Every structure is written in structure tokens, then in C-alpha cells.
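Only one structure is covered here, and it is reproduced in the block below.
Please treat every number below as a calculation from the coordinates, not as lab data. Remember, predicted model here, so these are calculated numbers, not experimental data. Because the Cβ atoms are built from the backbone with ideal geometry, glycine has one as well, and the counts that use them run over all protein chains shown.
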Amino acid sequence: MTGNREHVIRTENLTKRYGQLVAVKDLNLEIARGEVFGLLGPNGAGKTTTILMLLGLTEPTAGSVRVLGRDPAREALAVKARVGYLPEDVGFYEHLTGRQNLMYTADLNGLDPAEATRRVERLLGQVGLSEVADKRVEQYSHGMRQRLGLADVLVKDPEIIILDEPTQGIDPEGAEELLALIRDLSRNRGMTVLISSHLLDQMQRICDRVAIFVRGEVVAEGPIETLGRQVMRGEPLIVEVEVAGPDDVDEAARSLAGLPEVQAVDRSGENLLLVRCSADVREHIASHLIQRGFSLRHLRLRGYELSDIYMRYFRGGEGHV
Amino acid sequence: MSERRRDGAALWLGRLRGYLWPGAPGLRAVYRKEMADHINSSRFMILAAIVAIAGLAAIYVAALNIRAEVRRTAETGFIFLRLFTASGGSLPPFTSFVGFLGPLVGLALGFDAINGERARGTLSRLVAQPIYRDSVINGKFLAGIAIIAMMIFSLGLIVAGMGLSLIGIPPTAEEALRILSYLVLSVLYVAFWLALALLFSVLFRQTATSALAGMAVWLFLGVFLGLLAGLVADALVPVGSDADPGAVLRHERLQLALGRLSPTILYDEATLVLLQPHVRTLGPVLLTQVYGAVPGPLPFGQSLLLIWPQLTGLVAATLICFAISYVLFMRQEIRAA
């Protein structure tokens, strides 16, 4: 996927220590142009620290960063001119209108007023804030602020946008709209997007690749579809099966145990069966059960979805503490 | 040769301007935004209104008194300056109002400059723009000084105009010069408080804390330091009723030196000398020094010379405060943790 495309963000053994605390440890990332990359991890995993180092807002303790081929710590202005950053809990000047806030950003980026006015107008329309553009930001809802934040990031017409927990604290509908906007930026404008979040399902929907961050280290990285196989290599395959009617459960278990690839069948809870197999035989199991008159309610290969991986590492992460 | 020198000078001027102004990306934007914020803020409006009302009232009362007095005594030396220094009945003079309210203006303009941005979450957005980080603090300081200068000069000139129409005696060139110098001095003084407020806004994370700290320093330097200087001088160099002149002199000098640690006292002294040309010295004078002296006003140049140390002290205090806030701000972590 990242074959021979240009890497717009590249880190090598990037490390940041605050005294004894290691916030980021030996991070190696390569993000290609046009990619939507997700930094996934619990709070305090080092996501924000990584982002600050990418922007030159904090200096790495060791290792190197290249953003668009430049070192953000040394050529901060050149990097910041081409990279948009939406911080976590982004704030605005409450006494100014949404439009005035964006115009200030345009002014800081050295845009000439005519161009700035045009661009701000267009962006306000793009994020759906045209109608409230001349209201003070103090009257905006949280979702509107996040959308204004996205517009603010786009004022400089960046090549890369970095979003830190962009959907934090917005209602699901608002989050959906925001994610659609972000996806659109990547698909239609070829923008490279780096998103940090702890919300798995959202990342799963918009990211091309994710890196799972736990306590400053990347524990898994890659396209979502291969991540499961990569992480779960060597683990037994377990298929979750649920059939209707508690009386049928035992019978179904006996019946499944007779299949050739099935190694063991355990009952878990009221209706759930955990079928341990030597290969992915979900189709067999389904047709087998249906032929025998069971009504199949649920069938799932455990451990290959991001949520399983995520849970596993998060539990693992807490287990060490 | 001279042409080459002129070209060289132009080049250097251009470089200097480039360095100070458009060369620093974002400085202009921050400056403009801060100016607009100050002018639109009710905080600034209220303070400016208070200062203006107090100033106008003081001048009006002083003018009435001066009119009555001039009719009686026909004494006309430096009449115009007395508009600013004369107190009329229950109202203190104009200079006292400015000396008292000026620090408040400076503190109000700066106490939440940096920590306010941090608290609102706008600082991280600001420093992610392609500007040098010092543009933020420089822009804020410059905008504050510009606002202060505008306020003090417009107030001073309005008040002078009103005084002119009330007493009907135009200022002499020297008086005008002294008044302008006094206004510049007042801008410097308020700029010190702005720099102090800025320092507190970098030091403290809470805007309420920095506001309170500013007020505390204002009270201490404005009121208590004078009293404390007396106490310390009494303790170190005790002078009874029969003390020898040497001890009395040492006592006086010590008290004065301690008091001069406060910018408020420096400002008061400088104001006194600028607006009352008859003041020839600051501090104790021996009889032998005035023996044979002809009493009379000092020329402007000599008055300026007399307060040069005070001016230097004020500028230094302002620059030290700003330099500390600058260094702290540049080293601070941006993250709001």
C-alpha cells in the first residue's frame, strides 16, 4: 500500500522523555502522501506528544523526525506553513465571530485580505457554518466548534492535516459529519491526514492504516484488514456461535464437535458457544447448523477485528501497571 | 563617498525596519488583533472612562482655582503647568490621578495576555501557525504600549486643551515641552506595569492569580514600600532628637535609596521635577550647597538631567520584566497539561 509513494512524515527511533517518564519510545512511522493514518491508543499513550514533535512544538529527546523532508525542530516555520494542526480541546476567541477567528488565522499565515476573505467564505460553507459565521463563537455548540476548528486548519491550504482527538465530546451525528468531511479531504483533495483518537470504531471507518499506541510504544501497525492476522499470528482460531433457544445450545455443541476442523467446543454464558478450530471454517459451521434445523443468530471469528486487538492491548497495558 | 554612505545608511535602516516589522512573520497580525481586542473590550473602555473623568474633573477644579489666584496675585510663572499639579479643594491634582490609575490600566491590559490564551485553548492553535513564537509575546507587548500611549496622549492633550480654554493663558514652548515629556514619562510608567502583568501572565496558569499578584505588587510598591523604607532606615541608622547631622544625612539617604527601588517613587520624583521647574534637587540638601544660590526655575535641559537616573531606572525595570517573561514564555511547554 505504501509501496514506492513519497513519505511525507517519517520518524526514526523517535523518543521523548520527561524526566523519568518515557512518553514516546523508539517510534518509527512512515506515512505516505494522501494516506489517512490513525494513531490509536488510550489517553496518555503518547499520541499528543508525538504530534507536538511532528510540529516542532516540543523537541525530541532522541531520534529524528522528517515532515515533508524537513526537520520540524529546525525549520519550524516551513513545516507549520504546510501542516495544519487541530489541537485537542481546540479553543477560539469567544468574543469574536467564527469568521473573524478564521480571518485572524489567515492573517497569521500571511494571506492577503482578498484571498483570505474568499478562502474563509468557501471553508465556512464547506463545514456548514455559513449561517452562523457572523455569530460570536461563545454561542457555538461543541460540534460547531470542532467544525470551525477543521476550517481553521484548512485556512492555510495545508498538505498534511494533523487532528488530535477531533471527535472528542461531540454527539455521534456531529462526529459522523466531521468524519465525512475528513474522508472527503483525503479522497478528493489528496490531503494526508493523521488522526489521533481513542475511539476505535471511528478510526476503523476512515483510516487506511493505524498504529496502536500503548504507553509510548507502537504495538501494532498496518492496514486494518491485515492488522488482525499480524497480531494474532500463532493464536488459536475461535469462532463465536449463538443459536436460538437455550435447549438447543447443548445439542448444537455436540453436533459441532463432530466437524473435522473443530478441536473443541466450550459453552460461554447462556447461549454462546466458543468453537476452537484449526482453520477459518465459518461457512462450514453455518451451513452445518442450518441444515440441522438450528436457527443461527450470531457467528463471528474472534480476535481479527480491531476491537479485539485493541481490547487485548489495552488490557495488557493496564495489566502491567 | 557621501552618496555611498547614504546608501549604506538606507540599507541599514531597511534592514532594521525589516527586522523589526514585516520580517517577523505574524508579529503584525498579532499586533493588529490585540489592538482591536483592547479597543473593543469593555475592560479597557471602563478604565479609560474612569481615568478620563478623574482627569477632566481634576483639571477643571485646578483651572478654577488658578483663575481666582491669578486675579489676586498676578503671578504668572509656569501657570499652565500648574493645571496639572495644582489640587483644587477636595480633588487631588491630575498627576496624582494618573499616577494612581495608570498602574491599574497597565495591569488590566496585560494580566491575562498569555495564561488567558492558554486557558481558552487558543495558544496551541496560535503557535501551530507559521509564526515565530516570540511574535506572540512581542505583538502583545507592543499593542499594549501603543494603546497606553494613545490613551495617555489623547487624555493629556484633551485636558491641556480644556485647561487652555478655561484659564486663557497659552503654554510657553518650554511648558509644552515639559508636558509632552511628562506624557512620555507616564507612558513609560504604565508600560512598566504592563510588562509586570505580562510576566505574571506567563508565570501563573490562572488569570485570577496573575491579576491578584499584580494588585499585590501595586499595593506593595505604591504604598508599603515607602513606609517600609522609613522603618528599615530607622532600624539601621537610628536618629534621636540629638543625633549628629552626619547620622541624619545617612538616615535620609538610606530611606531615599530604599524608596527608589519602587518605580512608583521614581515616577513621582520625575513628575515633580518635570512639572515644577522650581524643584532643583531630589533628596537632602546641605545648607552649604544652597548658600548663595539664586532661587529660580531650572531650564528644561537641567530638569531632564536631574531625572535622568529615574528615567533609566524605569526603562530598566520595564525591560527586565519583559525580558524575564520573554525567556520564560519561549521555554514553556505549549501543551496545556
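Summary table below
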| quantity | calculated |
| --- | --- |
| Top positive-direction residue, dipole computed over chain B with Cβ charges, set B:A29, B:T207, B:F44 | B:A29 |
| Nearest-20 debye value, chain B charge dipole, Cβ charges on Lys, Arg, Asp, Glu | 1180 |
| Hydrodynamic radius of segment A:236-302 per Kirkwood, over alpha carbon pairs, in Å | 11.4 |
| Across A:K135/A:K156; A:K16/B:K33; A:K47/A:K80; A:K80/B:K33; A:K16/A:K156, pairs whose alpha-carbon gap is larger than 27 Å | A:K16/B:K33; A:K16/A:K156 |
| Residue mean of other protein chain beta carbons inside 10 Å, A:51-59 | 3 |
| Residues of segment A:77-112 with amide N under 18 Å of the 7 Å Cα→Cβ point at A:R33 | A:79-84 |
| Chain A, helix-only ellipticity at 222 nm - DSSP H runs n ≥ 4, -39,500 (n - 2.57), divided by all residues, nearest 500 | -12000 deg cm²/dmol |
| Chain B, helix-only ellipticity at 222 nm - DSSP H runs n ≥ 4, -39,500 (n - 2.57), divided by all residues, nearest 500 | -25500 deg cm²/dmol |
| Rough spin-label spacing in nm, given labels placed 7 Å along Cα→Cβ, for A:D201 and A:A62 | 4.1 |
| Ellipsoid equivalent to segment A:7-227 - semi-axes via the Cα gyration tensor, in Å | 29, 19, 16 |
| Along each principal axis, Cα extent of segment A:31-99, largest first, Å | 42, 31, 27 |
| Chain B: angle of helix B:173-203 to the longest principal axis, Cα-based, in degrees nearest 10 | 50 |
| Nearest-20 debye value, the protein assembly as shown charge dipole, Cβ charges on Lys, Arg, Asp, Glu | 1940 |
| Alpha carbon convex hull of the protein assembly as shown, volume per residue in cubic angstrom | 267 |
| Beta bridges per DSSP with both ends in the protein assembly as shown, % antiparallel, nearest 5 | 70 |
| Distance histogram for chain B (every C-alpha pair counted, 20 angstrom bins, percent rounded to whole numbers) | 26, 51, 22, 1 |
| Ranked by how many other beta carbons lie within 10 Å on average, peptides A:190-201, B:88-99 from highest | A:190-201, B:88-99 |
| Test item: B:115-128 mean partner chain Cβ contacts at 10 Å | 6 |
| Folded to 0 to 90 degrees: helix B:2-20 orientation relative to chain B principal axis, Cα | 70 |
| Surface/4 estimate of mean projected area, convex hull on alpha-carbon atoms of segment B:31-106, nm² | 6.1 |
| Order of B:I147, A:I212 under a 10 Å beta carbon neighbour criterion, fewest first | B:I147, A:I212 |
